[in-house]
Amino acid sequence: MIGRLNHVAIAVPDLAAAAALYAGPLGADVSAPEALPEHGVTVVFVRLPNTKIELLAPLGADSPIAGFLAKNPAGGIHHLCFEVDDILAARDRLVAEGARVLGSGEPKTGAHGLPVLFLHPKDFNGTLIEIEQAR
Ligand SMILES: CC[C@H](C(=O)O)C(=O)SCCNC(=O)CCNC(=O)[C@H](O)C(C)(C)COP(=O)(O)OP(=O)(O)OC[C@H]1O[C@@H](n2cnc3c(N)ncnc32)[C@H](O)[C@@H]1OP(=O)(O)O
Ligand SMILES: [Co+2]
């Protein structure tokens, strides 16, 4: 069911500094910051030949990553995003197999303009999983 690894997300305390690390010493292709108020984050994408790194900084008072950064002040790997062919079928299969889908259970539009859902980290070896509808 899960397909390509769409991105690995890293929560960071300073988005500009993190982006400069990837653009400078690591010589990567880095996007401009994009505010996603509906998700409570500002993101920068590091475009790699085989996937992307999503650098995440909190946006607004209720950011879902605020708790994570409070526990990990230097930042850290926040989630993995896998592509799926049919996000509703994937959701229903995951729920049927006992996984917890976060939020309302209805997909929201993610940073790529595609439907996304999140699965509880406690159900996947302490790893927050995002699934994104493949193009
Ligand atoms: C969609 C736009 C963009 C894109 O790619 O398109 C994004 O990816 S936006 C990314 C930001 N949005 C989200 O992360 C939405 C889903 N996340 C959540 O709903 C919360 O972050 C949640 C529920 C995973 C955790 O919320 P919070 O930290 O406030 O709750 P707790 O402190 O109660 O955490 C419960 C438990 O889980 C552990 N935890 C929290 N975050 C993570 C994580 N990223 N990876 C692994 N584990 C995590 C936390 O430590 C708690 O464990 P415990 O042992 O009880 O301390
Ligand atoms: Co993501």
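Before moving on, here are some points about what is shown:
- Working note: 222 nm ellipticity from helices only, DSSP H runs with n ≥ 4, each -39,500 (n - 2.57), summed and divided by the residues of the chain, gives -5000 deg cm²/dmol to the nearest 500.
- Diffusion coefficient of the chain by Stokes-Einstein, Kirkwood radius over Cα pairs, 37 °C, 0.692 mPa s: 215 µm²/s.
- The lysines within cross-link reach of K122, meaning a Cα-to-Cα straight distance under 23 Å and a gap of 8 or more places when in the same chain, are K71, K108.
- C-alpha center-to-center spacing [the range 13-65, the range 88-135] in angstrom: 21 Å
- The candidates L48, L94, arranged from most to least accessible area with a 1.4 Å probe in the full protein assembly, appear as L48, L94.
- With a 1.4 Å probe rolled over the protein heavy atoms of all chains, the accessible area of I2, I129 falls in the order I2, I129, largest first.
- Rounded to 5, the percent of DSSP beta bridges in the range 21-135 classed as antiparallel: 75 percent
- Length gained when the stretch A99-I2 is fully extended (0.36 nm per residue, less Cα-Cα span): 33.5 nm
- Overall Cα dimensions of the range 88-133 - principal axes, largest extent first, Å: 27, 20, 16
- Rounded to the nearest 10 degrees, the inclination of helix 87-96 to the longest alpha-carbon principal axis of the chain is 60 degrees.
The values are calculated or read from the model by the stated rules, or taken from the named source; none is laboratory data. These numbers were taken from a predicted model, which means no experiment stands behind them. Note: areas computed on protein heavy atoms with side chains; ligands, DNA, RNA excluded. Shrake-Rupley method; radii C 1.70, N 1.55, O 1.52, S 1.80 Å.
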